[in-house]
Structures are given as structure tokens and as C-alpha cells.
1. Which of the numbered conditions does Glu230 fail, given that it passes all the others? Conditions: (1) under 23 Å from Gly102 (Cβ atoms); (2) of a type outside the set (A, V, I, L, M, F, W, C); (3) part of a loop (DSSP other than H, G, I, E, B); (4) modelled with pLDDT of 85 or more.
2. Looking at region 242-257, I want the residues that are part of a helix (DSSP H, G or I) and have a partner that is among the hydrophobic types (A, V, I, L, M, F, W, C) and surrounded by fewer than 16 Cβ atoms within 10 Å (Cβ to Cβ) with Cβ atoms under 7 Å, at least 6 apart or on another chain. Which pairs are those?
3. Kindly indicate whether any position in region 218-230 is assigned by TED's automatic domain parsing to the domain that holds Asn254 and under 18 Å from Gln248 (Cα atoms).
4. Scan region 204-232 for residues that are β-branched (Val, Ile, Thr) and farther than 13 Å from Ala183 by Cβ and report the count.
5. Can you find a residue that is more than 30 Å from His37 (Cα to Cα) and small (Gly, Ala, Ser) anywhere in region 173-185?
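The values are calculated or read from the model by the stated rules, or taken from the named source; none is laboratory data. Please read these numbers as outputs of a predicted model, since none were measured by experiment. Neighbour counts run over all protein chains shown; Cβ positions are idealised from the backbone, glycine included.
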Amino acid sequence: MNIRNPVIAAAALAMACAGSAGAAEPGQGTPTYRPGHDTSVEFPEPRKATRKDGAFVPPRNVAMVTPGMTKNQIYTLLDVPHFHEGVFFVRKWNYILNFYTGNGDEYVSCQYQIRFDKKARVENTYFREPECASLLDRLLAPEVVTVAGPATPAKPAKTYRFNFAFDSAAIDDQGHATLRQVAEEVRGGDYREVIVTGFTDTMGDTEYNDALAARRAAASANALRSMVGEVPVYARASRDLEVPTGSQKRELRNRQVLIELYTTAVERPAPVTRR
């Protein structure tokens, strides 16, 4: 992943926004499928690309690429591949995608690969750099509020929890199963509020843990959004430990997301920072 801080011409920005890779509607939900990272997947060298500087593509367009899609549908979202790759009998398309990080004019360049099956439909997608997968989740995430005060005193009708690997915001199979349970419950119940809160253990400093908790909550809310709509997201890091520990201690049960379902409107915690 290459980080750059260029002066981008207005015309270049206009072309990036108005090209054939059209942006998805702002309010449109995104699928839960995300590009993977596999060290066994081989990528071409960037110097061999036909578009060596890559292309600025809306993150939502990348998220809309899912298994089963056709090459024509990929054209609509991402335009033509950036290497010397044709259409017929080609099982791989490679791109160099640029994403703004949210830090001024800074952006990153990510190599992205689409693999097709025998019927020329998308089979899998991959990023060359694992950091790009995390960045995509962050760019797609709803606004996150980090709170330091006590959680809302209202009692939830139902709660769900699942855990994360150390220093990770990737949702595992158990987490996805829990999210599906939440979606089924929400669709079949009479709930007014669904709130997602991310937590960490005590390893790391407060600022880092706030960001990690926010990523966990945002990844979970983004997956839920495609099933139940917008969900408020909060991050409490290590402020409310499931299992009390000392500082700088790893504890799986503290690395979690809590999903609360309320039948009545609740008073939201006051924000400390917004991400």
C-alpha cells in the first residue's frame, strides 16, 4: 500500500468522479462480502500496469463487487482493468485503486484483484495489502461516537456479543452468525433502537484502543446495515471490561462488540470524540 500526498488537479478529480465507474447511491446499503487477503495470491508488478497511477474509485463501488457478478457489471463499477487483460477466457482482472484516507490530500494506492470462475462470473476478490481491507471497512463505516461516560441506563430487551482476535477488527464466522441472528430478531420483533458498541482489552494506549473499538463497531454496523438499515455506533474501548484485568493485559472476552436491542427510545451517551 503506497501512501501519497499529491496536489490533485480539479480536472483529474472530475474525471475520477464522473468516469464510467459510476458511484453507487449514497443511501444504498452495501453487501457484507469484502475483499480478502491471501499471501498465496499473486499480483502483477505495478510498473506493468496500463494505468500506473491507478484510479480514484468510490469505496462503495468496490464493496458492491461480490461473487456471481458478470464482467459487464464490473465494468460499470470499476471500468476496465488496469493491466493488459482482455475479456474472453481471462480469469483475473487487476486494478490499482486509490482511496483518500481522510487526512487532507493523503491517499493510498491498493492493488486489487478479481478472480472469475469458468462461467466468467466473480469467484473471489483480493487486496494485495491487508491494510487496504481495513481501510475499506473504515471508509464504508458509519460515523462512530467514542464515549467515556456511563452507558445509557435504559435496559435493552435483548443483547448479543461476539469476540475478536487480538488487535483485529475482522469479523469471524461466529461473529457473522451472530449478526445474522440479530438481523432475524430485528426483522421479526418490535424494536425501536439497535445500538452497536465496540470494546477492547487493556493492551495498548487509550487513543489506539478507541480507534480499534471504533473499527470493530463500525465493521459490525456496516454488516448489519445491509440487513436492517442504519445503526448507531459507539466505541468504549477498555472503559467497561467484561472481565476486569490490570493494564496491558490480553483478554479475549474483553475484545468484543455488544449489540443491544431496545423496544423504547433510549437516551444516547454524550460523545467525547467523533471519528
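1. Single failed check for Glu230: (4).
2. Every condition considered, the pairs that remain are Arg253/Val243; Asn254/Val243.
3. no
4. Going through region 204-232 one residue at a time, the tally reaches 1.
5. Checking region 173-185: not a single residue is more than 30 Å from His37 (Cα to Cα) and small (Gly, Ala, Ser).
This table checks each residue for (1) farther than 16 Å from Gly36 by Cα; (2) assigned to a loop (DSSP other than H, G, I, E, B).
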{"residue": "Arg51", "(1), (2)": "yes, yes"}
{"residue": "Val62", "(1), (2)": "no, no"}
{"residue": "Val65", "(1), (2)": "no, yes"}
{"residue": "Tyr75", "(1), (2)": "yes, no"}
{"residue": "Val80", "(1), (2)": "yes, yes"}
{"residue": "Phe83", "(1), (2)": "yes, yes"}
{"residue": "Gly86", "(1), (2)": "yes, yes"}
{"residue": "Phe89", "(1), (2)": "yes, yes"}
{"residue": "Ile96", "(1), (2)": "no, no"}
